[in-house]
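Quick notes on the structure that follows.
The values are calculated or read from the model by the stated rules, or taken from the named source; none is laboratory data. In this text, all values refer to a predicted model and were calculated from it rather than measured experimentally. Virtual Cβ from ideal backbone geometry, glycine too; neighbours counted across all protein chains shown. Ligands, DNA and RNA are stripped out before the accessible areas are found, and what is left, the full protein with its side chains, is counted by its heavy atoms. Shrake-Rupley method; radii C 1.70, N 1.55, O 1.52, S 1.80 Å.
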Amino acid sequence: MIPRGKAHSKPFSELVARNGGIPVEIPLIAFQPVAASEKLVHALAGLHNYDWIIFTSNVTVETFFSFFEKNRPSLPKIAVIGDQTKASLEERGEQVEFTPEEYVAEGFVEEFLPYVKAGDKILIPKGNLARDYISKSLKEKGAIVEELIIYETYLPGESRDKLVQMLSDERLDILTFTSPSTINHFMGIVEEHNLRGKLERCLIACIGPVSKRKAEQWGLTVHAMPEKYTVEEMLKSVAEYIQIGG
């Protein structure tokens, strides 16, 4: 099962196919930009007032730049989480000043804090369901942090029936999860249709520890999780689990 939205599922599906698997795309998460509120317009017009801007996903990058039709803004220093996020910015001609070794909020904060001093102004564009761990941690350091919600996360309606049918028919062998939101949406459907018993035969993989914790909160057993939190490494961890007779 590929849980990503249509716009972001193709590379994931191709990777599964190249490794001999059959990708089944069931988007459990989709994104839409928020309406351009006064707060949003004001923040985007005042980018020059910030010392840093932090992007935590390529979805955030894509949505952020969608608010600028023609005139590209001049950005403050850029920090990111993840190679894909960095690549998305570099494709737009932006220079990324900081990328952590560990691609989760906790690792990012630990590595980024030495770059921040009291009074630094930091902007964090984000989705409506994103955690506030980075913001809280930087504020404790004395930074002035503004979180700006620029997109909303939702469950695509067409995915519901497809997931129910495929779980009922036991046609999914490996379930991959790329965020806590995909797990919440998935389990909401599972519980609504009394399909928890169908999950016992499935191998479950999560992209990182935050998603793993969310899965375990739902009572799921996570069989595979990579040390480096990317889709490629998650699939490698699945292969390793299978090879050792999991």
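Annotations for the structure displayed:
- The modelled label-to-label distance between TYR241 and LYS70, using points 7 Å beyond Cα along the C-beta direction, is 5.1 nm.
- For region 31-133: rounded, prolate or oblate by the Cα gyration tensor [a/c cutoff 1.5]: rounded
- Percent RCO, i.e. relative contact order, over the chain, from Cα pairs under 8 Å lying at least 6 residues apart: 18
- Note on the chain: helix-only mean residue ellipticity at 222 nm, from DSSP H runs of 4+ residues weighted -39500 (n - 2.57) and normalised by residue number, equals -12000 deg cm²/dmol.
- Cα gyration tensor category, rounded, prolate or oblate, for region 148-246 with a/c compared to 1.5: oblate
- Residue ranking by accessible heavy-atom surface, 1.4 Å probe, largest first, among ASP120, ASP51, ASP173 comes out as ASP173, ASP51, ASP120.
- Cross-link reach list, lysines versus LYS126, counting only Cα pairs under 16 Å and skipping chain neighbours closer than eight places: LYS39, LYS86, LYS136
- Top of PRO226, PRO180, PRO73 by mean-square fluctuation, Gaussian network on the chain, Cα under 10 Å: PRO73
- Percent carbon-and-sulfur accessible area, region 94-172, ignoring ligands, DNA and RNA, probe 1.4 Å: 44
- Check: region 126-199 dipole with +1 on Lys, Arg Cβ and -1 on Asp, Glu Cβ, in debye: 260
- Computed Kirkwood radius, in angstrom, where 1/r is averaged over Cα pairs of the chain: 19.3
- The solvent-accessible area of ASP161, taken with every protein chain present and a 1.4 Å probe, is close to 120 Å².
- Sites GLU233 and ILE22 - FRET efficiency at Förster radius 30 Å, r taken between beta-carbons, to 0.05: 0.90
- Rounded to 0.05, the FRET efficiency of the HIS193 and GLU146 pair, given R0 = 35 Å and the Cβ-Cβ distance, is 0.30.
- Over all other residues within a Cβ to Cβ distance under 15 Å of PRO23, the charged ones net out to +2, with Lys and Arg as +1 and Asp and Glu as -1.
- Rounded to the nearest 10 Å², the accessible area of ILE22 at probe 1.4 Å: 150
- Dipole magnitude of the chain, debye to nearest 20 (Cβ charges: Lys/Arg +1, Asp/Glu -1, about Cα centre): 260
- For region 1-143, the solvent-accessible area with a 1.4 angstrom probe is 52 square angstrom per residue.
- In the assembled protein chains, LYS39 presents an accessible area of approximately 120 Å² (probe radius 1.4 Å).
- Gyration tensor (alpha-carbon) shape descriptor, region 81-129, a/c threshold 1.5: rounded
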